[in-house]
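Asks: Below are the structure tokens for one structure; questions will follow.
Derivation of every value follows stated rules applied to the coordinates shown; laboratory data play no part. Values in this document were obtained by computation on a predicted structure and should not be read as measured data. Positions of Cβ are backbone-derived with ideal geometry, glycine not excepted, and every protein chain shown enters the neighbour counts.
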Amino acid sequence: MKIIGVIPARYKSSRFPGKPLVNICDKPMIWWVYQQALKVPELDEVYVATDDDRIKAACEEYDMNVVMTSDKHETGSDRVAEVAEKVEGDLFINIQGDEPVINPEMISEVISIFFEDESVYFGSLKKEITDPDEIAATSTVKVVTDRKGDAMYFSRSVIPSNLKDGKLARVFRHVGIYAYKRDFLKEFSQMTQTELELGEGIEPLRAMERGYTMRLKETKHSSIGVDLPEHIEKVERVIKGIDKLD
């Protein structure tokens, strides 16, 4: 099985324009993500997927593989699907471009799902959360899975609600690494966005509304997503060894 890591990177962002190129310890953020991906032994190749010439130029300056894609894609998954049309591979891993200190083991954990069960075609990770503020935050995507690990639903609302008689069920955050077998990825990109996907702003619901399943594995690892400029300092403290993630 040939496994390809893809890091979607777009310049436009309503909250943080030019985020992939922001300076972190004297390197652009996309460089740090790429270096973490290179540490994953299961990945045969790693590419940055972008629609912006500035990001492409930065990738070339730092000897990173880069694929230019359309600027019409609605989601990162759609951008990865275009890469799958241009790069040979059996399994494609969508690695978030705003997590410069992502633990490579998390990517390996996603890949392991497909070796443990060959019937899986769509996979990701989940992590238990207990902080009430994180649970309540609409920026935190929550997921509920069945006993096999297949997603039952994703939401930015609190699920499960834990409102019944004080009997608490564990709450899991969705970790945004996606993995897709090539045929499914092609099919996914041809699906129109659905009411639930648009309402929640969560990509997998596009497939789940149509009856597809997504397998999630629980991880114990953490990462830091750079959503705002003030998150840069947190990342730099980890890179410099001042703070630890896990």
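Asks: Which Cα, out of G225, M214, I242, lies furthest along the positive dipole direction of the stretch 206-246 (beta carbon charges, K/R +1, D/E -1)?
Replies: M214
Asks: Between beta-carbons, use under 13 Å as the cut-off and find the net charge around N23, counting Lys and Arg +1, Asp and Glu -1.
Replies: For residues surrounding N23, the net value is -1.
Asks: Right, next: Quick one: dipole size for the stretch 94-246, taken about the Cα centre, charges +1 on Lys/Arg Cβ and -1 on Asp/Glu Cβ, in debye to the nearest 20.
Replies: 340
Asks: Still on this structure, please answer the following. Tell me which label goes with the value of semi-axes √(5λ) of the Cα gyration tensor in Å computed from the coordinates here: [x] 34, 19, 16; [y] 29, 21, 16; [z] 27, 22, 17.
Replies: Here the calculated entry is [z].
Asks: What residue among A179, A136, A58 has the largest mean-square fluctuation in a Gaussian network model of the chain, using Cα springs under 10 Å?
Replies: Largest GNM mean-square fluctuation: A136.
Asks: Of K148/K186; K142/K186; K56/K86; K2/K181; K86/K181; K220/K244, which sit over 19 Å apart, Cα to Cα?
Replies: Table pairs above 19 Å Cα-Cα are K148/K186; K142/K186.
Asks: I'd like to know which of I30, V120, V175 lies farthest towards the positive end of the charge dipole of the chain, counting +1 on Cβ of Lys and Arg and -1 on Cβ of Asp and Glu.
Replies: Working it through, the farthest residue towards the positive pole turns out to be V175.
Asks: Which residue, G123, G176, G199, tops the fluctuation ranking in a GNM of the chain built on C-alpha contacts under 10 Å?
Replies: G199
Asks: Using the basic label-point model (7 angstrom from Cα toward the beta carbon), what is the D53 to A169 distance in nanometres?
Replies: About 5.2 nm, to one decimal.
Asks: Mind listing the long-range amide H neighbours of Y153? Cut-off is under 5 Å, sequence gap 5 or more, other chains count too, H placed in the peptide plane at 1.01 Å from N.
Replies: V144
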